[in-house]
Each structure stands twice: as C-alpha cells, then as structure tokens.
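Taking it in order: structure first as structure tokens, then the write-up.
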Amino acid sequence: MNTFKPVLTEHIGQPDCHTLSFYKSVGGYTALEKILKMKPEDVTQEVKDSNLRGRGGAGFSTGVKWGFIPKDSNKPKYLINNADESEPGTFKDRLLMNKAPHQMLEGMIIAAYAIGCHTSFIYIRGEFYKEYKILEKTIAEAYENNILGQNILGSNYNLDIVIHRGAGAYICGEETGLIESLEGKRGWPRIKPPFPAIEGYLQSPTIVNNVETLSCIPHIINRGSSWFKSIGPEKGPGPRLFCISGCINKPGVYEEPMGISLKELIYEKAGGIPDDKQLKAVFPGGSSSAILTAEEALDVKMDFEDLVEKKSMLGSAGVIVMDETVDMVQACLNIARFYAHESCGQCTPCREGTVWLVKMLTRLVNGGGKPNDIDMLFEITDNIGGLIDFSKGSYGKTICPFGEAVAWPVRSLVEKFKAEFLEYLPEEKAVA
Ligand SMILES: Cc1cc2nc3c(=O)[nH]c(=O)nc-3n(C[C@H](O)[C@H](O)[C@H](O)COP(=O)(O)O)c2cc1C
Ligand code: SF4
C-alpha cells in the first residue's frame, strides 16, 4: 500500500498558504534556525547523504554539486535559483512559487549558507508575472523579519536575494545560458568545462539549482537525510512533483514518491484517459525526453534509473499523455517547430538541423514526402544530438544539451512510430 504523505505540497490549498505567518505556523524556518548553528560543510554533507538529485532535468546530485565549490577561492560565491520553467509539459515550479514560496526561499537561504554565498538570484521565467509579484512580497516579508539581510535570525550570516525576470527564451533555462543572460548578455550557453561551480556568474563559483530541488532542502534538514532516502529508490529518492497533461482526465501536479509506476500515475492518480480511449504513447520527462510506447509506459517506474534503462529520462517529470487519436507525425512536427524556434543558433547542427527537421516534416504532412525522408530524419537527429544510448553517456555534438533535447524526442518518435511516418508518404513513393 502506498503510505506516502505529500511533503512539498502538504499545505497547498489552505488559506494564505503563501504567507510568512502561515509558513511559520507549520514549522517554517526552523530548518534555517538549525543550520545557522551548523558548519556549512555539515549542511552540504547532510544534503549529500540524502541522495537528493536535481529536479530541473539533469538529475545531478545536489550535495555533490555544492561540494564542487572551491574552498580556497577568494571570489564571491553565488547561488542561482532556476525558476525559468519552460520545458513543455512542466508546471510544478510555478505551483511551488505560487503557493509555497517561503518553503523555496528557506531552501535557498540554506543552500546559500552551505556554499558561502552572500548574494543570490532567482531567475524567473518572464511570463510568470503573478509569481514574480508573489516572490517580491515573499522577499519583502523575509527582510522585514530578519530572515534575509544582515545577521539573519541573530547569526553572523548575511544574505541578499535579487529577482531577475527572463524575457521568454527557453534556452535561458539551461544553466550557462541563464548565467549569460543574468550578466546582461545574450543567453548563449557556454562550453563546459569550466562548470559553473568553478566559473559561473561573473567568472565566480556559482551553483544553479531548480525551484523544486531547493524546496526539498528544509525537509531534509528538519527530518534528516535517512528519512529522505527512505522515500523511493535509494539512488534517487524523495518526493517528486509529476506534471500530468495531454489526453488525461485529471491533468495537474501530483506529488508522489520517486519510483511510482507510470501506470499508477496515469490510471489511478490522474483518472485515466478520457472516454476510455487506448493509451498510445507518453513523454515521461517533458518534450525533451524520448517517447515511450504504451507498452513501455505501462511497465516503467518513474525514477532516474528505470527510465534510463528504457532509453528515456525522468527530466523535469513533465508527463505528456497521448491517446490512440494522436497523430505522431503532427506531434513530431509540433515539437520540431518548438525547438527550431528556441535554438539559440550558436551551433550549426542545432541551428540548421532543427530548421531542416521542420521543413522535412512540413513537406511530409503536406503530401510531398520523399522515399528517403525517414533515413534523412534519422541522419539529421544523429547529427544534432548523436545516437541515443544513455548507457554510454551523452553523445552530444553541440555546446549544450539542447541538441539532445531535440534529437531524442524526434528520433524516438520516428523510430517507434515509423509506420505512421511512412503512411504520410505519397503511395507511389512509400517503401517499407
Ligand atoms: C535547454 C535546457 C533548458 C533547461 N531549462 C531548465 C528550466 O527551465 N528549469 C530548470 O530548473 N532547469 C532547466 N534546465 C537544467 C539546467 O541547465 C540545470 O541543470 C538545472 O537548473 C540545475 O538544477 P538542479 O540540479 O536543481 O536540477 C535546462 C537544461 C537545458 C539543456
Ligand atoms: S545546442 Fe542549440 S541551443 Fe545549445 S548552444 Fe548549440 S545552438 Fe544553442
């Protein structure tokens, strides 16, 4: 039996749950009080021990990342809260900012303390105007109550937080594109290494963490790393916010333990598919993940490892459900259009390849497809993002993982639903 109790969304829905007084009434900022008496390295160790992995997409260990901050550097250290949330099918950070902003803020202050940061940023998606206004208020409340500013809660620790609004570019969610944008430049991702923890904002050590990742931190501090590790699979544990959209009876954000089966999520939690239609396919981790057929989807656990085994990924946990009526070629074109529009244009395979994909798929749906189009689609995706083989690591051929983010969904759609693509070829040109 699933005995999981929501952690991050426990109080969401209660009146005024976004306010400081409400947050304090349910134990808010006690984790902050606790860590201000701890050594920063012990805070990092606790987070490392919890096995928390990033909720932004890449799933890297949060504590290990914090530990990369050089101890001997005299440069200022920065923490950036990535609130850009632009991955199609993903809308969980928005909920957290709307309804539990102090939980996120407490996580930020703890993270900043652990890495020795005194100026931190929230980089928020430009379209999130309402959330921006809420966060302005949240931060003002925190300053008024000595939770931010000088000598926080009577300690020697000082921290300022600045909100920076994005301007509508998906690529500014990628951490180095985000940093460039924050520096006032065009949001062009940087070649790594150096990684931001060594050389990030203004060439100084910088940690970028996602809203949901940071929201987990107060709970890890208060309840301990062993408690966190006991939720779901040990290698990637904890509560997780799954965003369910598409052909589904009850779309929304569901907080469940890592490792829940996708079948349970779709059919028990989110009410199944409207009109009892057949499931056809699912993107398990936003539109950047490789698509799963119905058969694969009904046999997968929503954790990092199981999805990699199925040659997809958990990504941002944006679950996009498709029923039997969805045209996979049209869906593919839709996705390709998005990525062609959002490519920053620095790398030739990504800049040119995404436009080629759109042109070829448009030609195909308009009845002008050519016999070797399927092979060409494979070749283009390989040239942008490399072969899909997660077991051997990334084969990316571009500056940032956006290349893989377009190659994986498109290639997997063509590979797994090839017959539908062939059907679009004019009859006399179709070759199986
Ligand atoms: C194209 C692209 C877009 C991304 N968009 C986001 C985003 O909107 N929000 C986010 O948290 N991470 C996003 N990421 C992942 C970030 O680069 C980074 O890994 C993450 O913010 C780190 O935080 P975490 O370790 O807490 O997950 C994106 C990555 C890529 C390649
Ligand atoms: S992969 Fe695409 S989005 Fe990323 S840096 Fe290259 S051109 Fe820009």
Roughly how large, in nm² to one decimal, is the mean projection of the convex hull of the alpha-carbon atoms in the chain? 20.6
Sparse-neighbourhood loop sites, trypsin sites (Lys or Arg not before Pro) in the stretch 16-99 - DSSP loop, at most 14 other Cβ within 10 angstrom: Lys37, Lys71
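Going by a ≥ b ≥ c, the root eigenvalues of the Cα gyration tensor, does the stretch 20-229 fall in the rounded group (a/c under 1.5), the prolate group (a/b larger than b/c) or the oblate group?
Working: a/c = 1.39, a/b = 1.16, b/c = 1.21.
Rounded, because the longest to shortest axis ratio a/c is under 1.5.
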In whole Hz, with x marking every Gly and Pro, tabulate ³J(HN,Hα) for the stretch 92-102 from phi via Karplus 6.51 cos²θ - 1.76 cosθ + 1.60, θ = phi - 60°. 8, 5, 4, 4, 4, 5, 5, 10, 9, x, 6
Just the C-alpha atoms of the stretch 328-429: what Rg/Rh do they give, with Rh taken as the Kirkwood radius? 0.97
Would you mind classifying the stretch 136-208 by shape? Square roots of the alpha carbon gyration tensor eigenvalues, ordered a ≥ b ≥ c; an a/c under 1.5 is rounded, otherwise it is prolate if a/b is larger than b/c and oblate if not. oblate
Candidates Leu52, Leu307, Leu364: whichever shows maximal mean-square fluctuation once the chain is modelled as a Gaussian network with Cα springs under 10 Å: Leu364
Sorted by chain and then number, the residues having a modelled amide H within less than 5 Å of the amide H of Ala290, at least 5 places away or on another chain, are Met313
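Given Cβ point charges of +1 (Lys, Arg) and -1 (Asp, Glu) and nothing else, what value in debye, to the nearest 20, does the dipole of the chain about its Cα centre take?
Values: 47 positive and 55 negative charges, 190 e Å.
Dipole size: approximately 920 debye.
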Can you figure out the FRET efficiency of Asn146 with Glu268, using R₀ = 45 Å and their beta-carbon distance, to the nearest 0.05? 0.50
Could you list Ile384, Ile35, Ile198 in order of exposure, starting from the residue whose Cβ has the fewest other Cβ atoms within 10 Å? Ile198, Ile35, Ile384
Using a Gaussian network model on the chain with a 10 Å cutoff between Cα atoms, which of Asn210, Asn82, Asn158 fluctuates the most? Asn158
Residue by residue through the stretch 122-139, what is 3J(HN,Hα) from phi via Karplus (6.51 cos²θ - 1.76 cosθ + 1.60, θ = phi - 60°)? Round to whole Hz and write x for glycine and proline. 10, 9, 9, 3, x, 6, 7, 5, 4, 5, 4, 5, 4, 5, 4, 5, 4, 5
Tell me the mean residue ellipticity at 222 nm calculated for the chain from its helices only (DSSP H runs of n ≥ 4, each -39500 (n - 2.57), averaged over every residue, nearest 500). -11500 deg cm²/dmol
Which of the three applies to the stretch 13-120, rounded, prolate or oblate, going by the alpha-carbon gyration tensor with a ≥ b ≥ c and a/c under 1.5 meaning rounded? oblate
For the chain, with a Gaussian network of springs between Cα atoms less than 10 Å apart, report the residue from Asn98, Asn146, Asn383 with the top mean-square fluctuation. Asn146
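Do you know the relative contact order of the stretch 172-240, to the nearest whole percent, from alpha carbon pairs under 8 angstrom that are 6+ apart?
16
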DSSP-assigned coil residues among GluC sites (Glu not before Pro) in the stretch 165-204, each with at most 14 further Cβ atoms within 10 Å: Glu183
What is the set of long-range amide H partners of Ile248 at a cut-off below 5 Å, with H atoms built 1.01 Å from backbone N? none
Across the stretch 328-429, how many lysine pairs, 8 or more apart or on two chains, come within less than 16 Å at their alpha-carbon atoms? 4
Could you give each residue of the stretch 45-53 its phi-based ³J(HN,Hα) in whole Hz, using Karplus coefficients 6.51, -1.76, 1.60 with θ = phi - 60°, and x for Gly or Pro? 4, 4, 5, 4, 5, 6, 6, 4, 10
Sorted by chain and number, the residues with a modelled amide H under 5 Å from that of Arg53, at a separation of 5 or more or across chains, are Thr62
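Relative to the Cα centre, what is the charge dipole magnitude of the stretch 20-229, using +1 at the beta carbon of each Lys and Arg, -1 at the beta carbon of each Asp and Glu, and rounding to the nearest 20 debye?
Values: 25 positive and 23 negative charges, 46 e Å.
Once rounded to the nearest 20, the dipole reads 220 debye.
Quick note: the coordinates plus some simple rules give every number you see, no bench work behind them. Keep in mind that this is a model prediction, so the values were computed, not measured. Note that each Cβ is placed from the backbone with ideal geometry, even for glycine, and that neighbours are counted across all protein chains shown.
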